[in-house]
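See below for the structure under consideration.
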Amino acid sequence: MAQQADITAMRRAVELAARGLGATSPNPVVGCVITDASGDVVGEGFHQRAGGPHAEVHALREAGGRARGATAYVTLEPCNHTGRTGPCAQALIAAGVSRVVYAVGDPNPQATGGADTLRAAGVEVGQGLLEAEAEAGNIAWLTSVRHGRPFVRWKYAATLDGRIAAADGTSRWISSAESRADVHRLRAEADAVVVGSGTARADDPHLAVRGIDGAVQPLRVVVDTEATAVKPGARVLDDAAPTLIAVADDAAVSLDGAEVVRLPRAARGLSVPALLDALHARGVRSVLLEGGPTLAGAFVAAGAVDQVVGYLAPVLLGAGPNALADAGISTITEALRLDVTETVRVGPDLRVTAAPHPTATLKGA
Ligand SMILES: NC(=O)c1ccc[n+]([C@@H]2O[C@H](COP(=O)([O-])OP(=O)(O)OC[C@H]3O[C@@H](n4cnc5c(N)ncnc54)[C@H](OP(=O)(O)O)[C@@H]3O)[C@@H](O)[C@H]2O)c1
């Protein structure tokens with residue numbers, strides 16, 4: 001059974017890993033804590049950005065000679081391959097670390113095998129400590145490796161009666177200033193923020209991160225089949241963040257200031273799997289889908305929503321569009337059932353986080 005000291009050190013490693021969210025793609029977030037024989041922390045690190053040193057390397061640098069005979073706690077199995085940086089398993093061995101405890105095995109076929117390398121060198125290896133916590137912290141990257149597409153978090157803000165706009169289309173501001181600030185955190189954690197052409201037309205959203213120092217701006221994506229919703233001067237075309245407009249193969253595009261990707265059409269709009277493939281090919285590992293309800297319905301119908309974050313405001317409207325439009329579900333037995341993983345008060349609102357159970361696989365367009 002794990003000692004309390006092991007749990008404390010791994011929990012700290014999970015906290016450290018979270019600091020890299022939004023900045024490490026296409027790599028995972030990883031945290032590492034090194035403790036000496038008396039249990040004192042001698043090194044800490046996390047993977048800060050793709051191409052930069054891995055968490056173990058940061059922690060080993062801080063530990064210096066005190067790494068000899070120490071224990072390293074790592075949220076993900078130390079890598080075994082030479083990518084843009086050297087293999088961490090070798091770095092741990094070279095530093096004289098005598099024990100390595102990691103939380104989650106590396107599912108990446110190119111990088112796996114670190115534990116075997118460590119064992120072969122005589123290092124004691126433990127696996128699975130705080131596995132669920134570490135997995136939750138790295139869910140975007142793990143989902144992308146397992147499914148070969150980005151992790152999709154669908155976020156919406158609704159009244160308590162489930163409306164995302166009033167009957168006349170006005171929707172600012174349903175949720176509180178606190179909730180809106182929280183959404184900027186979600187944007188900062190994502191590699192891409194996606195909206196449909198309806199939202200682009202109605203709200204002219206900006207979609208960049210504001211108010212978070214050092215945040216890496218996500219790619220702003222508008223799904224605009226006919227290339228008619230994003231017009232010159234649209235806020236999404238400013239230089240605050242890169243922007244990608246997804247249009248149909250045969251659309252006539254006359255827009256400067258944004259990159260355009262051409263995708264196949266689906267029965268309605270563009271193919272959601274093709275959109276996710278295109279984003280994945282660009283290194284996008286996590287998507288924050290910010291609606292609206294029509295596009296969100298298409299993502300749900302495609303089995304491409306991995307997590308739902310709903311901000312429920314204590315407001316009633318009684319009429320107006322619902323949070324989710326048609327998702328291809330016509331009878332109660334087809335209902336997409338979710339597990340609630342978190343409920344938090346955010347200012348006057350309630351933030352509910354839930355995930356399909358079991359994780360749905362991607363269906364056709
Ligand atoms: N409270 C909130 O959280 C929130 C968030 C976002 C939006 N909103 C509100 O929602 C309203 C806009 O929502 P909306 O449902 O009209 O628009 P939407 O979901 O933003 O965009 C829908 C449009 O996306 C395009 N599209 C491209 N591929 C698609 C696909 N595979 N499936 C479906 N559509 C696809 C279609 O138009 P084309 O094919 O012609 O491009 C479709 O009409 C506004 O009132 C906005 O204020 C509220």
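Summary table below
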{"read-out": "Pair E178, D116: separation of 7 Å Cα→Cβ label points (nm)", "value": "5.1"}
{"read-out": "10 Å-binned pair-distance histogram of the range 275-345 (Cα, whole percent)", "value": "15, 42, 35, 7, 1"}
{"read-out": "Cα centroid separation, the range 191-226 to the range 30-99 (Å)", "value": "36"}
{"read-out": "The chain: relative contact order as a whole-number percent, Cα under 8 Å and 6+ apart", "value": "15"}
{"read-out": "Point-to-point label distance, A267-I7, nm (Cα→Cβ direction, 7 Å offset)", "value": "5.0"}
{"read-out": "Student exercise, the chain dipole from Lys, Arg, Asp, Glu Cβ charges, in Debye to nearest 20", "value": "180"}
{"read-out": "Residue with peak Gaussian network fluctuation, the chain [Cα springs, cutoff 10 Å], from A63, A192, A23", "value": "A63"}
{"read-out": "Within the chain, percent of DSSP bridges classed antiparallel, to nearest 5", "value": "40"}
{"read-out": "Nearest-ten-degree value, helix 272-281 long axis tilted from longest Cα axis of the chain", "value": "40"}
{"read-out": "Tilt relative to the chain, helix 4-18 - C-alpha long axis, 0 to 90 degrees, to 10", "value": "40"}
{"read-out": "The chain - accessible surface per residue (Å², probe 1.4 Å)", "value": "45"}
{"read-out": "The chain shape via C-alpha gyration tensor axes, a/c threshold 1.5", "value": "prolate"}
{"read-out": "Residue among L76, L289, L338 with the largest mean-square fluctuation in a Gaussian network model of the chain, springs linking Cα atoms under 10 Å", "value": "L338"}
{"read-out": "Cα gyration tensor shape for the range 245-301, rounded if a/c is under 1.5, else prolate or oblate", "value": "oblate"}
{"read-out": "Sparse-neighbour loop sites [trypsin sites (Lys or Arg not before Pro); the range 140-225; at most 11 other C-beta within 10 Å; DSSP]", "value": "R172"}
{"read-out": "Positive-end extreme of charge dipole, the chain - chosen from F151, Y73, V253 (charges on Cβ)", "value": "V253"}
{"read-out": "Span per principal axis, largest first, for the Cα atoms of the range 205-276 (Å)", "value": "41, 26, 16"}
{"read-out": "Residue-averaged 222 nm ellipticity for the chain, from DSSP H runs of 4+ at -39500 (n - 2.57), nearest 500", "value": "-7500 deg cm²/dmol"}
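The values are calculated or read from the model by the stated rules, or taken from the named source; none is laboratory data. Remember, it's a predicted structure, so these values are computed and weren't measured experimentally. Don't worry about glycine lacking a Cβ; one is built from the backbone with ideal geometry, like all the others, and counts go over all protein chains shown. All accessible areas refer to the heavy atoms of the entire protein, side chains included, with ligands and DNA or RNA removed. Shrake-Rupley method; radii C 1.70, N 1.55, O 1.52, S 1.80 Å.
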